[in-house]
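Accompanying notes for the structure given below.
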Amino acid sequence: MKFLDVDGLGPVSRIGLGTWQFGSKEWGYGDDYAVGAARDIVARARALGVTLFDTAEVYGFGKSERILGEALGDERADVVVASKVFPVAPFPPVVRRRARASAERLQLATIPLYQIHQANPVVPDSVIMPGMRSLLDDGVIGAVGVSNYSLDRWRKADAALGRPVISNQVHFSLAHPGPLDDLVPFAERENRMVMAYSPLAQGLLGGKYGPDNRPGGVRATNPLFGTENLKRVEPLLNTLRDVAKELDAKPAQVALAWLISLPGVVAIPGASSVEQLEFNVAAADLDLSAENRDALTAAARAFRPVSIARFAVDAVREKLGR
């Protein structure tokens, strides 16, 4: 396992575990999953050196936090548990109350990293951050992070907190390389952390899908899996396949290895089984050459997906057979 040293957190595994699926109905997992597979996944993650576990109060309406806290057992105080407050009415008394509720569900005296789940479009961080600051002062949380923040909003959050906001959890992958332009350089310069969620773009970067092999279910509504985008992403997938062949790895593992080769970046893929977890964690053992990393970066920047509006029009046309 590779680790990232972050001020205020210590060593953080470059591959973490996202636990949205723990207790969330939309993933189709029931109570048996919570007491069986979820615990096995967490136990195996710890055995493989994973120290970063991400959850949120809205995941399963608190179930994810409960399941994770129970699965970690006596080790829950020895890892970096990151949870999130959803910024509905994010006034200081509300933020403090909800943080304590999360800590109770996680069975933690202190939540190592507490994040604002989204940038509130109406309530500024000057209103939200005093609540986070008091949680720091009281020892309820160890560090403050944000999620889905632009660089400008991240800096404003810093100023509002009066201390470093040490992390920003964002949608980031070879198929969504936008954070390369500003968030990653900022994190490197300021010793912060960028947490990449959806690092495999819902399986797109596994390389098995194409215009003639599109996924069903929820992913069918993802514009990335539209016919035109599956054509446009092929050069990126071919680069992934070439690097994977050279390293005797799988394209998805190379996609994760690319992310964690970037300064200040960690990835938090989910895992529905121990086997999937082991597959993801194995990416930390891959060492990309500078040439391979640059080739992947160039391919990511060259990928230009169609707009959501274009995807919707194409989808209607396909249904009508035009």
(message) Please go through region 124-143 and give me each residue that is among the hydrophobic types (A, V, I, L, M, F, W, C), out of contact with any strand residue (DSSP E or B) (no Cβ under 6 Å at 6 or more places or on another chain) and open to solvent by less than 40 Å² (accessible area, probe 1.4 Å), ordered by number.
(response) 128, 129, 136, 140
(request) Mind counting the residues in region 35-90 that are among the hydroxyl-bearing types (Ser, Thr, Tyr) and assigned to a helix (DSSP H, G or I)? (result) 2
(request) Among residues belonging to region 278-288 that are open to solvent by less than 50 Å² (accessible area, probe 1.4 Å) and either in a loop (DSSP other than H, G, I, E, B) or modelled with pLDDT under 95 (or both), point out the one that is farthest from residue 46 (Cα to Cα). (result) 288
(message) residue 83 - would you say it is within 15 Å of the chain's Cα centre (by Cα) and open to solvent by less than 20 Å² (accessible area, probe 1.4 Å)?
(response) yes
(message) So residue 230 passes all but one of these: (1) out of contact with any Pro (no Cβ under 6 Å at 6 or more places or on another chain); (2) not in a loop (DSSP other than H, G, I, E, B). Which condition number does it fail?
(response) (1)
(request) Evaluate the following for residue 179: is it within 24 Å of residue 154 (Cα to Cα), modelled with pLDDT of 90 or more and part of a loop (DSSP other than H, G, I, E, B)? (result) no
(request) Within region 215-233, track down each residue that is surrounded by 14 or more Cβ atoms within 10 Å (Cβ to Cβ) and either over 23 Å from the mean Cα position of the chain (by Cα) or of a type outside the set (D, E, K, R) (or both). (result) 215, 222, 223, 224, 225, 226, 227, 228, 229, 230, 232, 233
(request) Those residues that are under 14 Å from residue 269 (Cα atoms) and touching a Lys or Arg at 6+ places or on another chain (Cβ under 6 Å), I need them from region 148-207; list them, please. (result) 202
(request) Give the residue, chosen from 262, 256, that is part of a loop (DSSP other than H, G, I, E, B), in contact with a strand residue (DSSP E or B) (Cβ under 9 Å, 6 or more places away or on another chain) and modelled with pLDDT of 90 or more. (result) 262
(request) Would you be able to tell me the number of residues in region 258-277 that are more than 21 Å from residue 40 (Cβ to Cβ) and open to solvent by 30 Å² or more (accessible area, probe 1.4 Å)? (result) 2
(message) For region 234-243, give me each residue that is out of contact with any Gly (no Cβ under 8 Å at 6 or more places or on another chain) and surrounded by 19 or more Cβ atoms within 10 Å (Cβ to Cβ).
(response) 236, 239, 243
(message) So in region 182-205, with the set limited to residues that are under 22 Å from residue 302 (Cβ atoms) and touching a Gly at 6+ places or on another chain (Cβ under 8 Å), which one is modelled with the lowest pLDDT?
(response) 200
(request) Could you please let me know if residue 216 is touching a residue at least 40 places away in the same chain (Cβ under 8 Å), out of contact with any strand residue (DSSP E or B) (no Cβ under 8 Å at 6 or more places or on another chain) and of a type in the set (Gly, Ala, Ser)? (result) no
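The values are calculated or read from the model by the stated rules, or taken from the named source; none is laboratory data. Note that the coordinates shown come from a computational prediction; the quantities given were computed from them, not determined experimentally. No Cβ is skipped: glycine too gets one built from the backbone with ideal geometry, and neighbour counts run over all protein chains shown. These area figures cover heavy atoms from the full protein model, side chains too; ligands, DNA and RNA do not enter into them. Shrake-Rupley method; radii C 1.70, N 1.55, O 1.52, S 1.80 Å.
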